[in-house]
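Report on the following structure.
The values are calculated or read from the model by the stated rules, or taken from the named source; none is laboratory data. Quick caveat: nothing in here was measured; it's all calculated off a predicted structure. Cβ coordinates were reconstructed from backbone atoms using ideal geometry, including for glycine residues, and neighbour counts include every protein chain displayed. When the accessible area is computed, the model is the full protein with side chains, heavy atoms only, and any ligands, DNA or RNA have been set aside. Shrake-Rupley method; radii C 1.70, N 1.55, O 1.52, S 1.80 Å.
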Amino acid sequence: MKLKKLAMLTSASLLVFSGSSALAEEGALEDGLISALSNGKTSLNLRLRYEGVNQDNAIKDADALTLRTRLNYTSADYKGFSTQVEFEDTRVVAGVDDYNNSIGSGGDYSVIADPETTELDQALIQYKFDSLTTKLGRQVITLDNQRFVGDVGWRQDRQTFDALAFSYQLSDNLKLQYAYLNKRNRIFAEQKDIDSKDHLLNASYNSAIGKFTGYGYLLEEDNQTKNGIDTFGLSYAGSSAFAKTKVNYRLEGALQDIDSVTTSYATHYLLAELSALYSGFDFKVGYELLGSDNGEKGFATPLATLHKFNGWSDQFLNTPDQGLADLYASIGGKLAGGKWSVIYHKFDADNASATVDDLGSEVDAVYTRSFAKNYLAGIKYAAYFAGDAAAGKVDSDKLWVWAQVKF
């Protein structure tokens, strides 16, 4: 059975469990199932958010006020088995919907990728035995810092996958993970979900000097077209104490082959990042390079939480063919019971041409504050300043104001 049918299978998982009673001691099995159900947990998460977009072009400025509701039920464990079902709904509030929702509405406005939708966000069966965890069904998968595989949790309709996933804690320090993805449930409601044949392999080792991770992500859209993206990489993350200051650092490199119907490309990825907490302030500086194959194709990360990287204005959700070099620095701290940070990005082409070299710059700022245990509010701003006109970018400003509650 194809994994894209697992929503139906996992929604009926409890019936599967109960149906097996004929093969076991019926009374004990039923008691166990009832206990697992009655001791399950239900959670509710609501996020009300305003987003405004202003771009220096002929497209109209956009405004959206949306409410995202996420309802989750997770059963208790029964002989290693448990099940999880989650629904997600996004609605426009108070008629504030002057925006291009990315799936066909509001085409003369700037894009705000939060369409109205009601979806089955997760539906899975989980089995735990000793150090092995197996998940079958629609699920959230995030790996490492989400640069390659993430849930895009910033958008109202987050990304999940129809998948069979394994996680094996081989020892206290060594963890192995593998997942086969049959469908990418993306952030644009169901209209832009993608059938796939993706393999995700990830191994991490915690040593005395830091964490080492090796990965191979073999991605392919299931559309009878040659379109593979194979990425193999290594990362190292560690920390050291100097005087009373803790310094964190991360180094990462990856190679990527991209196949198309007519040709193939070879690109590379590099990251160097250094951060420190000093005198109550968080400092960070980094350099990220998404390489280019002779200006013809840029390094791709289609499953990533892209909003987290290369500026919050989302100018580079798709890497330019010339590649992207992002030199960034940030400072943050605490203020009035909340947290703030300001980030600066300088963007350049990896493989510059006569017309495309300077890809612009960006300033981002955010302030968030939690109230009690269940409430969070925030304000966030991004200002992008375009570089070479031939790069196809324009000056852009984005503003978000939101409130969130979870129970």
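Enumerate the pairs (first residue in the stretch 331-344 and farther than 14 Å from Val363 by Cβ and open to solvent by 70 Å² or more (accessible area, probe 1.4 Å); second residue anywhere and at pLDDT below 95 and not aliphatic (A, V, I, L, M)) with beta-carbon separation below 8 Å, excluding pairs fewer than 6 apart on the same chain, so at least 6 apart or on different chains.
Lys334/Gly280
Determine which single condition Asp151 fails, assuming it passes every other condition in (1) in a loop (DSSP other than H, G, I, E, B); (2) open to solvent by 20 Å² or more (accessible area, probe 1.4 Å); (3) out of contact with any Lys or Arg (no Cβ under 7 Å at 6 or more places or on another chain).
Every condition holds for Asp151 apart from (3).
Considering only the stretch 361-407, state which residues are polar (S, T, N, Q), within 29 Å of Leu44 (Cβ to Cβ) and not in a loop (DSSP other than H, G, I, E, B).
Thr368, Ser370, Gln404, listed by residue number.
Could you look through the stretch 136-148, keep only residues that are open to solvent by less than 20 Å² (accessible area, probe 1.4 Å) and assigned to a strand (DSSP E or B), and pick out the one that is nearest to Thr231 (Cα to Cα)?
Of everything passing the filter in the stretch 136-148, Leu143 is nearest to Thr231 (Cα to Cα).
For Ser353, are the conditions met, namely being hydroxyl-bearing (Ser, Thr, Tyr), out of contact with any Cys (no Cβ under 6 Å at 6 or more places or on another chain), part of a strand (DSSP E or B) and in contact (Cβ under 8 Å) with a residue 12 or more places away in the chain? Spell out the reasoning first.
Working: hydroxyl-bearing (Ser, Thr, Tyr): yes; out of contact with any Cys (no Cβ under 6 Å at 6 or more places or on another chain): yes; part of a strand (DSSP E or B): no; in contact (Cβ under 8 Å) with a residue 12 or more places away in the chain: yes.
So Ser353 fails the test.
Pairs please, first residue from the stretch 121-140 and among the aliphatic types (A, V, I, L, M), second anywhere and not in a strand (DSSP E or B), Cβ atoms under 6 Å, 6+ apart in sequence or on different chains.
Correct list of pairs: Ala123/Ala7; Ala123/Thr10; Ala123/Ser11; Leu124/Thr10; Ile125/Thr10; Ile125/Ser13; Val140/Asp151.
Count, please, the residues in the stretch 108-135 that happen to be within 30 Å of Ser171 (Cβ to Cβ), in a strand (DSSP E or B) and open to solvent by 40 Å² or more (accessible area, probe 1.4 Å).
The total comes to 5.
Yes or no: Ile379 open to solvent by 40 Å² or more (accessible area, probe 1.4 Å) and touching a residue at least 40 places away in the same chain (Cβ under 8 Å)?
no
Pairs needed: first member in the stretch 170-189, closer than 20 Å to Phe87 by Cα; second member anywhere, part of a strand (DSSP E or B) and open to solvent by 10 Å² or more (accessible area, probe 1.4 Å); C-beta distance under 6 Å; at least 6 residues apart or different chains.
Hits for this filter: Lys183/Asp195; Arg184/Ile194; Ala189/Thr117.
Just checking, which of Gly392, Gly387, Gly360 is farther than 30 Å from Gly338 by Cα and surrounded by fewer than 18 Cβ atoms within 10 Å (Cβ to Cβ)? Talk me through it step by step, then tell me what you get.
Details: Gly387 fails: surrounded by fewer than 18 Cβ atoms within 10 Å (Cβ to Cβ); Gly360 fails: surrounded by fewer than 18 Cβ atoms within 10 Å (Cβ to Cβ).
On inspection, the qualifying residue turns out to be Gly392.
Assuming Asp56 fulfils every condition listed in (1) within 30 Å of Ala383 (Cα to Cα); (2) surrounded by 15 or more Cβ atoms within 10 Å (Cβ to Cβ); (3) in contact (Cβ under 8 Å) with a residue 60 or more places away in the chain apart from one, which condition is it?
(2)
For the stretch 234-247, give me each residue that is open to solvent by 60 Å² or more (accessible area, probe 1.4 Å), over 17 Å from Leu289 (Cβ atoms) and touching a Ser or Thr at 6+ places or on another chain (Cβ under 8 Å).
Answer for the stretch 234-247, where residues must be open to solvent by 60 Å² or more (accessible area, probe 1.4 Å), over 17 Å from Leu289 (Cβ atoms) and touching a Ser or Thr at 6+ places or on another chain (Cβ under 8 Å): just Lys246.
Taking Lys41, is it open to solvent by 40 Å² or more (accessible area, probe 1.4 Å), within 32 Å of the chain's Cα centre (by Cα), among the basic types (Lys, Arg) and modelled with pLDDT of 55 or more?
It is true that Lys41 is open to solvent by 40 Å² or more (accessible area, probe 1.4 Å), within 32 Å of the chain's Cα centre (by Cα), among the basic types (Lys, Arg) and modelled with pLDDT of 55 or more.
So which residues in the stretch 260-281 are open to solvent by less than 80 Å² (accessible area, probe 1.4 Å) and part of a strand (DSSP E or B), if there are any at all?
Restricting attention to the stretch 260-281, the residues satisfying the condition of being open to solvent by less than 80 Å² (accessible area, probe 1.4 Å) are 260, 263-269, 271-273, 275-276, 280.
Of everything in the stretch 260-281, those that are open to solvent by less than 80 Å² (accessible area, probe 1.4 Å) and part of a strand (DSSP E or B) turn out to be Ser264, Tyr265, Ala266, Thr267, His268, Tyr269, Leu271, Ala272, Glu273, Ser275, Ala276.
Among the residues in the stretch 242-259, are any assigned to a loop (DSSP other than H, G, I, E, B), in contact (Cβ under 8 Å) with a residue 40 or more places away in the chain, under 20 Å from Arg184 (Cβ atoms) and of a type outside the set (D, E, K, R)?
Looking for residues that are assigned to a loop (DSSP other than H, G, I, E, B), in contact (Cβ under 8 Å) with a residue 40 or more places away in the chain, under 20 Å from Arg184 (Cβ atoms) and of a type outside the set (D, E, K, R), one finds none in the stretch 242-259, hence no.
Would you pick out the residues in the stretch 284-330 that are open to solvent by 10 Å² or more (accessible area, probe 1.4 Å), charged (D, E, K, R) and closer than 14 Å to Phe347 by Cβ?
The answer is Asp314, and nothing else.
State whether the residues of the stretch 92-107 include one that is under 30 Å from Gly32 (Cα atoms), assigned to a loop (DSSP other than H, G, I, E, B) and either over 17 Å from the mean Cα position of the chain (by Cα) or basic (Lys, Arg) (or both).
No: the stretch 92-107 contains no residue that is under 30 Å from Gly32 (Cα atoms), assigned to a loop (DSSP other than H, G, I, E, B) and either over 17 Å from the mean Cα position of the chain (by Cα) or basic (Lys, Arg) (or both).
Looking at this structure, is Ala325 at negative phi and touching a Pro at 6+ places or on another chain (Cβ under 7 Å)?
So Ala325 fails the test.
Which residues, taken from the stretch 318-339, are more than 14 Å from Leu289 (Cα to Cα) and hydrophobic (A, V, I, L, M, F, W, C)?
Correct list: Ala329, Ile331, Leu335, Ala336.
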